[in-house]
Amino acid sequence: MTDMREHQLPADINETRDSAEVLRQGIIREINRLNRFSTRGILALSLFIVVSVLAWRGFPFLPAPDAVTALLGKAPSARIISIVLLLYTFSAIILSLSRMAAAVEHRSSFSHVGFLTAFFLFYYFGKSLEENYWAVFGSGITILGVESYRIWTFCAEEISRKKEAIEFVTRTGRPPPQE
């Protein structure tokens, strides 16, 4: 009977080491995912800059506003678009700040680029892009700047927790306690 326990003990130790290594590898994969995710905000901001440059040049690849309004109808007035832009800007900032306070992982950056592009297009088709370009650009930089910071801080905090978890697994060979 003692011979059997002596033979099982090394297998148990190896099994514990293997499970600890599997756990470590899983945590490392999660850290790598968070590192990739942390760039999402800056990528959205970069895409917005590209769209802004195209808007600054008057969307040279789009048809003339008159051709589109003849087909779809009159665009909303610049005043209505500006009111909606103001509401959207405050709502997006408040939502992003509340997600930051709650430490929520949310991937909304690129949707903001889509909404901001729509505002550029509404102004373009309403023939008031020149007068309102800076309003959309300023809103976009503000929203996407806050959103980029939120994503970056969330990832930095999670990576820090994951590194602590790796140290715990390496030291003890057990999964870290759940919070």
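Arranged from fewest to most other beta-carbon atoms within 10 Å of their beta carbon, Tyr124, Tyr88, Tyr149 become Tyr149, Tyr88, Tyr124.
Bridging of Lys74 to lysines at a Cα separation below 28 Å is possible for Lys127, once same-chain residues fewer than 8 apart are set aside. Applied to region 72-77, the Karplus parametrisation 6.51 cos²θ - 1.76 cosθ + 1.60 on θ = phi - 60° returns per-residue 3J(HN,Hα) values of 9, x, 5, 6, x, 5 Hz, with x for Gly and Pro.
Distance from the alpha carbon centroid of region 61-88 to that of region 117-163 works out to 20 angstrom. Recomputing Cα Rg over 2.2 N^0.38 Å from the coordinates shown identifies the correct label among (1) 1.43; (2) 1.63; (3) 1.29 as (2).
Classify region 111-179 from the C-alpha gyration tensor, please: rounded if a/c falls under 1.5, else prolate or oblate depending on whether a/b exceeds b/c. It is prolate, given that a/c is not under 1.5 and a/b is the larger ratio. For region 85-100, backbone phi angles converted through the Karplus equation (6.51, -1.76, 1.60; θ = phi - 60°) give residue-by-residue couplings of 4, 4, 4, 4, 4, 5, 5, 5, 5, 4, 4, 5, 5, 5, 5, 5 Hz, Gly and Pro being listed as x. Positive end of the dipole of the chain (Cβ unit charges, origin at the Cα centre): among Thr170, Val146, Asn35, the Cα lying farthest that way belongs to Val146.
Computed from the coordinates by the stated procedures, all read-outs in this text should not be read as laboratory data. Here the structure is a predicted model, which is why all the values come from computation and not from measurement. Here Cβ is always computed from backbone atoms with ideal geometry, including for glycine, and neighbour counts include all displayed protein chains.
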